[in-house]
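The values are calculated or read from the model by the stated rules, or taken from the named source; none is laboratory data. Everything numeric here is computed off the predicted structure, so don't read it as measured data. Here the Cβ is made from the backbone with ideal geometry for all residues, glycine too, and neighbour counts use every protein chain on show. These area figures cover heavy atoms from the full protein model, side chains too; ligands, DNA and RNA do not enter into them. Shrake-Rupley method; radii C 1.70, N 1.55, O 1.52, S 1.80 Å.
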Amino acid sequence: MKRLTIALCLLLALSLSACGDKGKPSPEPSRSAAENVDLSAARASSPKEDAPEPAADDGVQADVDLTTLSSTMVYSEVYNMLYANPEDYVGKTIKMTGTLGVYEPIDNEGNTIPDTPTITACIVKDATACCATGIEFTPPAGVDLPKAGASITLVGELEAYQDRGMNFYRIKNTQIL
């Protein structure tokens, strides 16, 4: 039991430092109190890098609206949806903005495998853009998707499915906004 506890602590410590950047210096050297006052006024007037852009009110309601969260929170919530607690999200309406990913299955020689479906996903990155994850979605019928890499906003219901004995999750009944 003691070894298991130690192993879990080490795993947690490693996961918390996985996306860190040890090569960058601290963004602000220590300053006097007077300098900090001036900096806080400048920060108050400048936009925050991690703040989300205000979402357009498209009238679409969602149980989980990721369009209003910062990039770090979106990444964390998608990770939670797919890996940590997916059962809490299955059946809920998800709204998210990300980058369109289109994946065609290929064989060992790099050729497209015939009669296999193309996989589409909405990809999100964390604030430092070092880590990315995404949610597969079923494209709406009769809708031309933008090119891969384009920014998209979608809404749909998260569902679980199995493929070759493994559990996966995707957004179904998708609408591209």
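Worth a mention:
- Boolean, Ala141 is over 24 Å from Val60 (Cβ atoms) and either modelled with pLDDT of 95 or more or among the aliphatic types (A, V, I, L, M) (or both): no
- Across the stretch 114-131, the number of residues qualifying as in contact with a strand residue (DSSP E or B) (Cβ under 9 Å, 6 or more places away or on another chain) and open to solvent by 60 Å² or more (accessible area, probe 1.4 Å) comes to 3.
- Meets criteria (in contact with a helix residue (DSSP H, G or I) (Cβ under 6 Å, 6 or more places away or on another chain) and either loosely packed, with under 10 Cβ neighbours inside 10 Å or assigned to a strand (DSSP E or B) (or both)) for Val155: no
- The number of residues in the stretch 160-177 that are open to solvent by less than 40 Å² (accessible area, probe 1.4 Å) and not hydrophobic (A, V, I, L, M, F, W, C) comes to 1.
- Just one residue in the set Thr68, Thr97 is at pLDDT 90 or above, among the polar types (S, T, N, Q) and buried (at least 18 other Cβ atoms within 10 Å of the Cβ); that residue is Thr97.
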